[in-house]
Amino acid sequence: MRIEGAMLMSLACCTLLAVPLVARSDSRTTATPASDQEFLRMAAQSDMLHAHLGQMAEKQSTKRGVRDLGLEIRKNDSADYQQLSDLAAKTGETIPKSINDKGDKTIERLSRLRGASFDHAFISELIDSDKRTVAAFEQKAQDAENPDVKTYASNALPSLKLHLNEAQDWVKYGGDKK
């Protein structure tokens, strides 16, 4: 009887000691992979930069179409950044809260321009940036390891593609959609 009790006690101790190991291994499988974390940081930088550039377009453009596009981009990318912040909080990740040096240089360059010069530089920047951003979001919508990141990327794609198409239309039609 005493041996059975000792064996039962040993089994109970081993089981209790194993619980933290199982819990630890489960938390590692739900962690956001490094590639998904990098994507979240890139998306945050893109949202912040585009929201700022959109605000600049509202003030510095002389064309109503560019000002309207700037307003749309500012609103959409600000809302997207909020969704991204919520996702980051849910996944326990940290996203940037300020624009990086590359974005600052873009802002600085465009801040010196007005009117048609601004319009062309703004639209060109949007097209170049949105092509890269759309490609990154398409990739993450397909192969993100974290399902929440995959859903976020999929849901954000339509507005990103719309902004890219609108900027390309502006170039194609000289600012006057036909």
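The values are calculated or read from the model by the stated rules, or taken from the named source; none is laboratory data. Everything numeric in this text was worked out from a predicted model, so none of it was measured. Positions of Cβ are backbone-derived with ideal geometry, glycine not excepted, and every protein chain shown enters the neighbour counts.
Can you pull out the residues in the stretch 36-79 that are touching a Lys or Arg at 6+ places or on another chain (Cβ under 9 Å), over 14 Å from residue 100 (Cα atoms) and of a type in the set (Ser, Thr, Tyr)?
Within the stretch 36-79, 61, 62 meet the criteria.
Could you tell me whether residue 134 is farther than 20 Å from residue 78 by Cβ, in a helix (DSSP H, G or I) and among the hydrophobic types (A, V, I, L, M, F, W, C)?
Details: farther than 20 Å from residue 78 by Cβ: no; in a helix (DSSP H, G or I): yes; among the hydrophobic types (A, V, I, L, M, F, W, C): yes.
Answer is no for this residue.
For the structure I just gave you, tell me whether residue 108 is within 17 Å of residue 45 (Cα to Cα) and in contact with a Ser or Thr (Cβ under 6 Å, 6 or more places away or on another chain). I'd like the intermediate steps shown before the answer.
On the way: within 17 Å of residue 45 (Cα to Cα): yes; in contact with a Ser or Thr (Cβ under 6 Å, 6 or more places away or on another chain): no.
Considered against the rule, which asks whether it is within 17 Å of residue 45 (Cα to Cα) and in contact with a Ser or Thr (Cβ under 6 Å, 6 or more places away or on another chain), residue 108 comes out as no.
Of the residues that make up the stretch 27-49, is at least one farther than 22 Å from residue 162 by Cβ, more than 14 Å from the chain's Cα centre (by Cα) and surrounded by 14 or more Cβ atoms within 10 Å (Cβ to Cβ)?
Yes: the stretch 27-49 contains one or more residues that are farther than 22 Å from residue 162 by Cβ, more than 14 Å from the chain's Cα centre (by Cα) and surrounded by 14 or more Cβ atoms within 10 Å (Cβ to Cβ).
In the stretch 125-178, which residue that is of a type in the set (Asp, Glu) and without any contact (Cβ under 8 Å) to a residue 24 or more places away in the chain is farthest from residue 104 (Cα to Cα)? Step through it out loud before you land on a result.
Pass one, the stretch 125-178, residues of a type in the set (Asp, Glu): 125, 128, 130, 138, 143, 145, 148, 166, 169, 176.
From what is left, the residues that are without any contact (Cβ under 8 Å) to a residue 24 or more places away in the chain are 128, 138, 143, 169.
On the way: 128: 16, 138: 26, 143: 30, 169: 27 Å.
Filtering first and then ranking leaves 143.
State the number of residues belonging to the stretch 76-101 that are within 23 Å of residue 167 (Cα to Cα), in contact (Cβ under 8 Å) with a residue 12 or more places away in the chain, of a type outside the set (Ser, Thr, Tyr) and not in a loop (DSSP other than H, G, I, E, B).
Within the stretch 76-101, the subset within 23 Å of residue 167 (Cα to Cα) is 76-81, 99.
Okay, now just the ones that are also in contact (Cβ under 8 Å) with a residue 12 or more places away in the chain, so 76-78, 80-81, 99.
Next, from what is left, pick out any that are of a type outside the set (Ser, Thr, Tyr): 76-77, 80, 99.
Still in the list and also not in a loop (DSSP other than H, G, I, E, B): 76-77, 80.
Result for the stretch 76-101: 3.
Which ones in the stretch 132-178 are of a type in the set (Ser, Thr, Tyr) and surrounded by 13 or more Cβ atoms within 10 Å (Cβ to Cβ)? I'd like the intermediate steps shown before the answer.
Of the residues in the stretch 132-178, the ones of a type in the set (Ser, Thr, Tyr) are 133, 151-152, 154, 159, 173.
Result: 133, 151, 152, 154, 159.
How many of the residues in the stretch 116-131 are acidic (Asp, Glu) and crowded, with 19+ Cβ neighbours inside 10 Å? Break it down into steps so the answer makes sense when it comes.
So in the stretch 116-131, the residues acidic (Asp, Glu) come out as 119, 125, 128, 130.
Imposing the further condition that a residue be crowded, with 19+ Cβ neighbours inside 10 Å reduces the set to 119, 130.
Of the residues in that region, 2 qualify.
Residue under question is residue 68, and the condition is that it be part of a helix (DSSP H, G or I) and within 15 Å of the chain's Cα centre (by Cα); does it hold? Lay out the reasoning, then the answer.
Values: part of a helix (DSSP H, G or I): yes; within 15 Å of the chain's Cα centre (by Cα): no.
No; evaluated as a whole, the condition is false for this residue.
Report the residue count in the stretch 102-131 for those that are among the charged types (D, E, K, R) and part of a loop (DSSP other than H, G, I, E, B). Before you say what the answer is, go through the steps one by one.
Let us first name the residues in the stretch 102-131 that are among the charged types (D, E, K, R), namely 102, 104-105, 108-109, 112, 114, 119, 125, 128, 130-131.
With part of a loop (DSSP other than H, G, I, E, B) added as a condition, the list becomes 112, 114.
Counting residues in the stretch 102-131 that are among the charged types (D, E, K, R) and part of a loop (DSSP other than H, G, I, E, B) gives 2.
For (1) at pLDDT below 95; (2) among the hydrophobic types (A, V, I, L, M, F, W, C), each residue gets a yes or a no:
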position	(1), (2)
128	no, no
136	no, yes
151	no, no
163	yes, no
170	yes, yes
176	yes, no
